[in-house]
Amino acid sequence: MSKVLNEDEKQYLLDSIRDVVDFPKPGIVFKDITTLLNNKEAFAFLMNHLEERYKSYHLEYVAGIDSRGFIFGAALADRLGIGFVPIRKRGKLPGTTICEKYELEYGFDEVEIHIDAFNNKVGAKVLLIDDLIATGGTAVASSKLVVDTKAHLVEVCFLMSLEFLNGTKRVGKVAPVYSVLEI
């Protein structure tokens, strides 16, 4: 398996993801990953691909963005034999945290990480992962949090990128980006 999927492999994964029209509001086509998660062959195929891609990166941690990034991040961290770090919505982590604000369509939100998430290791090699990137607000804020802990953000990985919203370009200013599927 290569470090990038071919078109047939991408289509296989895309076919395992259900489109839900007009959710959560009219005009939106929601990409429902639950159908990929409950398809053991498709999920294993995705995780095998991610493991193959990242095993030579010599990562020390995978950080996952709340909440679907936890699914892929924890599974990948386990496969790579490294630690997993959650990046959560504000107010969900106990202990000392740092947070980063980001803009929403109507207002702001914040994500946070434990200040010692990477065991205070300067330069710890970290992969950040989430299921989907749209405009990039949450991913940029999460990327900045990893950098603020003095870790080295090696790459940011998404299962899907909605290319027309330019989120990967925003995140790419902070760290390299890899999207398994580009929509």
Is the range 99-109 home to any residue that is among the aliphatic types (A, V, I, L, M) and either outside any helix (DSSP H, G or I) or open to solvent by 30 Å² or more (accessible area, probe 1.4 Å) (or both)?
yes
Whichever residue in the range 70-90 is closer than 21 Å to N120 by Cα and among the aliphatic types (A, V, I, L, M) and, among such residues, is surrounded by the most Cβ atoms within 10 Å (Cβ to Cβ):
I87
Are any of the residues in the range 57-68 of a type in the set (F, W, Y), crowded, with 19+ Cβ neighbours inside 10 Å and under 18 Å from F158 (Cβ atoms)?
yes
How many residues, within the range 103-132, are farther than 30 Å from E52 by Cβ and touching a Lys or Arg at 6+ places or on another chain (Cβ under 9 Å)?
5
With a cut-off of at least 3 residues that are within 28 Å of N119 (Cβ to Cβ), name the strands (runs of 3 or more DSSP E) lying wholly within the range 16-84.
61-65
Residues of the range 12-49 that turn out to be of a type in the set (S, T, Y) and surrounded by 18 or more Cβ atoms within 10 Å (Cβ to Cβ), as a count:
1
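Any chance you could count how many residues in the range 139-183 are open to solvent by 40 Å² or more (accessible area, probe 1.4 Å), part of a helix (DSSP H, G or I) and at pLDDT 95 or above?
Residues in the range 139-183 being open to solvent by 40 Å² or more (accessible area, probe 1.4 Å), part of a helix (DSSP H, G or I) and at pLDDT 95 or above: 6 in total.
Can you find, within the range 110-134, the residue that is nearest to S161 (Cα to Cα) among those that are in contact (Cβ under 8 Å) with a residue 40 or more places away in the chain and open to solvent by 40 Å² or more (accessible area, probe 1.4 Å)?
Step one: of the range 110-134, the residues in contact (Cβ under 8 Å) with a residue 40 or more places away in the chain are 111, 113, 117-118, 121, 124-133.
Still in the running and open to solvent by 40 Å² or more (accessible area, probe 1.4 Å): 121, 125, 132.
On the way: K121: 31, K125: 23, L132: 6 Å.
The qualifying residue nearest to S161 (Cα to Cα) is L132.
The values are calculated or read from the model by the stated rules, or taken from the named source; none is laboratory data. Predicted model, so just to flag it, every value in this text is computed and none were measured. Positions of Cβ are generated from backbone atoms using ideal geometry, with glycine treated the same way; all protein chains shown enter the neighbour counts. Protein only, heavy atoms only, side chains kept; ligands, DNA and RNA dropped before computing areas. Shrake-Rupley method; radii C 1.70, N 1.55, O 1.52, S 1.80 Å.
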